[in-house]
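To keep things clear, I will list the structure first and then write my remarks on it.
All of the numbers you see were taken from the coordinates with simple rules; none came from a lab. What you see is a predicted model; the values in this text were computed from it and never measured. Heads up, the Cβs are rebuilt from the backbone with ideal geometry, glycines too, and the neighbour counts pull from every protein chain shown.
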Ligand SMILES: [Zn+2]
């Protein structure tokens, strides 16, 4: 499925994402280290779990950052710039806090929001790390 999508819509979205991050953040050393990739089987499973908890419809593409690795399902080129900036903000957050510490804060905020809103999508949307990442989408 992914292979057909990439064949149709361009196999270079990962290269484009990398280039956009270099261009948007030329003085950021971390920008040179990001690795946007198409997830393998294990990565795809991880994305499916993330999709469930974020309340994202299964037919929507999702992108998740782990450290400096940006796992992305194929996305339309129209969204690449926004997503690249969003995910690079997460890369910076994870560097700042450390991956485990970042994840624990993220998880606690998510659970807190889930109790408050009783809605996975709202819970995800209102995580402070996500609000911060969204504020950088038009960098
Ligand atoms: Zn995010």
## Note on the structure
Most packed first (mean Cβ within 10 Å per residue), the peptides 121-131, 93-103 order as 121-131, 93-103
### Query
Which distance in nm do the two modelled labels at residue 131 and residue 49 give, with both placed 7 Å along the Cα-to-Cβ direction?
2.7 nm
### Message
Under 10 Å, Cα contacts only: if you run a Gaussian network model on the chain, which one of 65, 56, 89 comes out with the highest mean-square fluctuation?
### Response
56
